[in-house]
1. How about region 104-136: which of its residues are among the small types (Gly, Ala, Ser), exposed (fewer than 13 other Cβ atoms within 10 Å of the Cβ) and closer than 11 Å to residue 9 by Cβ?
2. Can you say whether residue 136 is farther than 29 Å from residue 57 by Cα and of a type in the set (S, T, N, Q), as far as the supplied structure shows?
3. Please state which of the following conditions residue 78 fails to meet, knowing it meets all the rest: (1) in a helix (DSSP H, G or I); (2) of a type in the set (A, V, I, L, M, F, W, C); (3) under 22 Å from residue 41 (Cβ atoms).
4. What pairs come out if I take residues in region 123-137 that are near ligand 1 (Cβ under 10 Å from one of its atoms) and pair them with residues that are among the hydroxyl-bearing types (Ser, Thr, Tyr) whose C-beta lies under 7 Å away, six or more apart or interchain?
5. Can we say residue 10 is within 16 Å of ligand 1 (Cβ to nearest atom), surrounded by fewer than 19 Cβ atoms within 10 Å (Cβ to Cβ) and of a type in the set (Val, Ile, Thr)?
6. For the structure I just gave you, tell me whether residue 117 is within 16 Å of ligand 2 (Cβ to nearest atom) and either part of a helix (DSSP H, G or I) or closer than 30 Å to residue 145 by Cβ (or both).
Amino acid sequence: MFNRNLEAAINDQIKHELYSAYLYLSMSAWAESNNMPGAAKWLGKQAAEEQEHAMKFYGYVHDRGGKVVLQAIPQPPAEWTSLLDVFEQVKEHEAKVTGLINRLYEIAVKENDYAGQVMLQWFISEQVEEEKNAATIVDALRHVGTQGAALFMVDRWLGER
Ligand SMILES: [Fe+2]
Ligand SMILES: [Fe+2]
């Protein structure tokens, strides 16, 4: 039997992952409009990854015989002051998501849902990567500032993703 508390929490998480996709797509559009095609590409790929995360949870609910109930996704922001501002918010957002994944794991432990724990371990490792990547980019952008040739080079680097 699929634990009902975990089922409800995973349905919430599907919304959070889709909001992440929405947020990063909005950031990608902002970067595109502000002549940073490399950052736009990086953020677009990140948005696609977040949709994959949502679909992993979606598939898991069905695998366990549960019911997916999609929720409303909030409107993301559309304006940022700089690319550093964008990536500081990516970093902050990923830290928040890590907290949500940890909370899901706590529920799976409390409810003795072992299969759920195994599924969530993938996300725990993924969040380590996500936080590390965001921190690396924030550090690079803090060094280069908000404009000029160095920012152009960072944008090129982001576009290599
Ligand atoms: Fe995610
Ligand atoms: Fe993420």
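A short reminder: the numbers here are calculations on the coordinates, not readings from a lab. The shown structure was predicted, so the numbers you read here are calculated from the model rather than taken from an experiment. Note: ideal-geometry Cβ built from the backbone for every residue, glycine included; neighbour counts use all protein chains shown.
1. Of all residues in region 104-136, those among the small types (Gly, Ala, Ser) come to 108, 115-116, 125, 134-135.
Now restrict to residues that are exposed (fewer than 13 other Cβ atoms within 10 Å of the Cβ): 125.
The answer is none; no residue qualifies.
2. On the way: farther than 29 Å from residue 57 by Cα: no; of a type in the set (S, T, N, Q): yes.
Against the criterion (farther than 29 Å from residue 57 by Cα and of a type in the set (S, T, N, Q)), residue 136 does not qualify.
3. It is condition (1) that residue 78 fails.
4. Correct list of pairs: 127/98.
5. no
6. no
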